[in-house]
Every structure is written in C-alpha cells, then in structure tokens.
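For reference, the structure discussed in these notes is given below.
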Amino acid sequence: MAKGKVAIDGEVVDGDEARVSVFDRGFLYGDSVFEVYRTYAGTPFAEAEHLERLARSAARLMIPMPVSPETLASEVRATLDAAGEGEWYVRVIVTRGTGPLTYDPTTASAPLRVIIAAPVSVPPAERYERGIAVALLEASRPTDDVRASGAKASNYLANLLAVHEAQQKGAQEALMLGRNGQILEGASSNLFIVKDGEVRTPEPQPGILVGITRATVIAAAADEGLEVVEGEVRPGDLYGADEAFLTSSIREVMPVVSAEGRTIGAGVPGPVTKRLHEGYLRAVALATGAGV
Ligand SMILES: Cc1ncc(COP(=O)(O)O)c(C=O)c1O
C-alpha cells in the first residue's frame with residue numbers, strides 16, 4: 001500500500017524515511033500549528049483558506065511563517081506529485097523549530113515546516129447512512145485560553161482524551177462544553193442543529209475553531225435559500241433538535257442521530273443534513289473539478 005510522501009523544509013522523502021529532531025519544540029512541547037485538508041481528483045480543496053488559517057495560527061502563537069502560503073502550496077503540490085495517483089490527506093505543520101531545552105519560545109529562531117501526504121481515510125458509508133452518536137464533555141484545551149484562542153495549535157491531548165471518553169460511552173465524537181454550559185464544537189469538528197427549518201451553529205468565540213467546512217456549508221446553505229443563524233447552542237437545543245450534523249474537512253457533513261443516549265429528531269439522518277452535504281459536495285466539485 002502507498003505510504004505517501006513527506007516534505008521537510010521543502011525536501012520530499014518517502015513517508016517512512018521522514019525524520020525530525022527530538023529537540024524540535026513541536027515534539028517537545030506541541031509548540032506548533034497545523035492544518036488538515038484533502039484532495040478530490042488529486043486537487044486539494046480550499047487550500048488557500050487552510051494556508052491562510054495556518055498563517056493566522058502561527059501569528060497567534062508568535063511563530064514566524066518560514067515561507068509564504070504560495071510557496072507552501074507549491075511544496076504541497078510537489079509532495080502530491082511525488083505521492084502519485086490517489087486521494088490524499090494533507091497535513092501541513094509549522095513548528096517553532098529547535099533550540100535549547102528551555103520553555104522560552106524566543107530561543108528557537110528557525111521554524112520547521114512539514115507537509116504530510118498520506119492516503120486519505122474517510123468514514124465508512126454506513127456512518128453517513130445511519131448517522132453517529134456524540135457525547136457531551138467538559139474539557140479544557142490550550143486553545144480555550146485567550147492566549148491561543150483561534151489557533152489550530154498541535155496540542156490536541158485534551159481533544160483526543162475526550163474522543164476516547166466519548167468512545168467509551170459508545171459515541172463517535174465528543175462535543176466540548178464551554179464555561180457557561182454551551183456547546184462549543186466537536187473534538188475535531190463543528191456542530192450544526194436544525195429546528196423547525198432553522199439551521200443554527202455556535203457563534204465564533206474562544207474555544208471554537210471556525211472551520212473551513214463550516215464556512216463552505218454556510219455558503220452552500222445560502223445557495224439553497226437557507227439561512228444559518230450563528231448563536232448559542234445549549235445541550236437542550238441539541239436534544240430537542242430535528243436534525244444535527246458535524247462538519248470537518250475529512251468527514252464533510254456527518255449526520256448526528258443521538259447525543260448522550262438521547263435520540264435526535266427521528267433518529268435518522270434528516271433531509272436538511274442531506275441537502276447540505278450535497279451542496280457541500282457541489283462546492284467541492286466546482287472548486288476541484290472532481291465528480292463527487
Ligand atoms: C477543534 C476543531 N474544530 C473544528 C474543526 C473543523 O475544521 P475544518 O472544517 O476547517 O476541517 C477541526 C478540524 O480538525 C478541529 O480540529
């Protein structure tokens with residue numbers, strides 16, 4: 001099976017040959033930022049938006065971008081070309097680089113950039129047909145704090161422990177609760193609910209990574225004549241919703257049919273969710289030329 005390719009500071013190597021220093025602060029402290037997106041018909045979708053967000057994340061963490069987004073995009077292209085035929089998961093990482101073993105971030109001056117192209121692994125069709133279950137959890141993540149809010153920082157420990165806890169409850173995704181008990185987002189996704197024809201998603205605030213899939217779905221909804229309201233979503237709103245779904249670059253639009261063991265709506269993926277997933281795929285097809 002193809003393992004994919006990796007570019008480190010612009011040099012493309014086989015995935016299993018790729019190495020970074022143990023003194024890299026990304027490895028030592030999670031002191032890095034990243035983006036994840038995928039190809040359709042070999043073309044990355046919404047790459048410019050992802051690379052812009054990467055630059056914003058780096059600025060938030062005071063990591064100087066080592067190269068321009070355009071250079072990064074051409075390095076991604078070179079990595080994908082080396083990887084060859086197929087659909088690829090693309091991960092772009094910028095770490096603060098290596099330095100002495102001290103917390104002081106100013107001691108590292110040469111950020112490292114890594115591009116990973118790995119075979120994309122998408123959820124099984126059955127999850128889209130039947131929908132998934134979610135659990136609601138309290139968790140404190142570095143990006144909930146004002147200092148790093150809005151940055152896609154690589155330290156995902158709280159998110160992955162939340163997913164583990166959700167899985168132990170029989171759910172496939174964890175929804176994070178904010179300090180006021182409001183729902184923020186999934187561990188690696190954004191949430192939407194549908195009630196009496198109104199589509200609603202939590203408004204941007206600390207603790208929410210404003211997803212690129214979320215933005216594409218809001219635009220697709222507008223094309224369908226559906227307005228999306230950005231506002232507070234509380235657990236009771238989710239339990240009482242007619243439909244709910246999650247969005248992320250890899251999962252696209254994933255129906256949610258139960259939360260904390262309570263059935264949402266009819267307990268099956270709803271018509272608005274399906275329409276918006278189709279609308280999302282139309283946007284992908286338009287942008288990439290893929291027949292999705
Ligand atoms: C915490 C978090 N929120 C939301 C998202 C969805 O973002 P996007 O739609 O840009 O993939 C992700 C994606 O990984 C995420 O990690």
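The values are calculated or read from the model by the stated rules, or taken from the named source; none is laboratory data. Everything numeric here is computed off the predicted structure, so don't read it as measured data. Quick reminder, even Gly has a Cβ in these numbers, built from the backbone with ideal geometry, and neighbours come from all protein chains shown. Heads up: the accessible areas ignore ligands, DNA and RNA and are worked out on the full protein's heavy atoms, side chains in. Shrake-Rupley method; radii C 1.70, N 1.55, O 1.52, S 1.80 Å.
Identify the trypsin sites (Lys or Arg not before Pro) of segment 176-253 meeting these criteria: DSSP loop state and at most 13 other C-beta atoms within 10 Å of the C-beta.
ARG179
What aspartates and glutamates sit close enough to LYS195 to cross-link, taking a C-alpha to C-alpha distance under 17 Å and skipping anything fewer than 8 places away on the same chain?
GLU203, GLU224, GLU227, GLU230, GLU232, ASP237, ASP242, GLU243
For the chain, evaluate the Debye formula with one uniform point scatterer on each Cα (no solvent term) and list log10 I(q)/I(0) at q = 0.08, 0.13 Å⁻¹, rounded to two decimals.
One equal scatterer on each Cα of the chain leads to -0.35, -0.93.
Using each residue's phi in segment 20-36, evaluate 6.51 cos²θ - 1.76 cosθ + 1.60 at θ = phi - 60° and report the 3J(HN,Hα) Karplus result to the nearest Hz, with x for Gly and Pro.
Result, rounded to whole Hz: 10, 5, 5, 8, 5, 5, x, 5, 6, 10, x, 8, 6, 10, 7, 9, 10.
How about LYS169: which aspartates and glutamates have a C-alpha closer than 19 Å to its C-alpha, ignoring those fewer than 8 places off in the same chain?
Within reach: GLU138, GLU185, GLU260.
So what is the 222 nm mean residue ellipticity for the chain from helices alone, if each DSSP H run of at least 4 adds -39500 (n - 2.57) and you divide by all residues, rounding to the nearest 500 deg cm²/dmol?
-9000 deg cm²/dmol
How large is ³J(HN,Hα), in whole Hz, for each residue of segment 46-61 in order, when computed from phi with the Karplus curve 6.51 cos²θ - 1.76 cosθ + 1.60 and θ = phi - 60°, using x for Gly and Pro?
6, 5, 4, 5, 5, 6, 5, 5, 4, 5, 5, 4, 5, 4, 4, 9
Can you give me the % of accessible surface on the chain that is carbon or sulfur? Probe 1.4 Å, all protein chains present, nothing else counted.
It is 53 percent, rounded to a whole number.
Take every Cα pair under 8 Å in the chain that's 6+ residues apart, average their separations, divide by the length, and report that relative contact order as a whole percent.
18 percent
Loop-only GluC sites (Glu not before Pro) in segment 59-103, please: DSSP not H, G, I, E or B, and at most 10 other Cβ atoms within 10 Å.
Of the GluC sites (Glu not before Pro), the ones in loops of segment 59-103 whose Cβ has at most 10 other Cβ atoms within 10 Å are GLU85.
Could you identify which residue out of VAL210, VAL67, VAL12 has the top mean-square fluctuation in a GNM of the chain using Cα springs shorter than 10 Å?
Result for the chain, Cα springs under 10 Å: VAL67 fluctuates most.
Please give the per residue accessible area of the chain, computed with a probe of 1.4 Å over protein heavy atoms only, in Å².
Counting only protein heavy atoms, the per-residue value for the chain is 46 Å².
Pairs LYS5/LYS152; LYS3/LYS152; LYS5/LYS274: which are spaced more than 31 Å apart, C-alpha to C-alpha?
Those over the limit are LYS5/LYS274.
What's the magnitude of the charge dipole for the chain around its Cα centre, counting Lys and Arg as +1 and Asp and Glu as -1 at the beta-carbon? Answer in Debye, nearest 20.
380 debye
Angle check, please: helix 271-288 long axis (alpha carbons) against the longest principal axis of the chain (alpha carbons), in degrees 0 to 90, nearest 10.
30 degrees
Under unit Cβ charges (Lys, Arg +1; Asp, Glu -1), what dipole magnitude, rounded to 20 debye, does segment 5-119 have relative to its Cα centre?
Here segment 5-119 has a charge dipole of around 400 debye.
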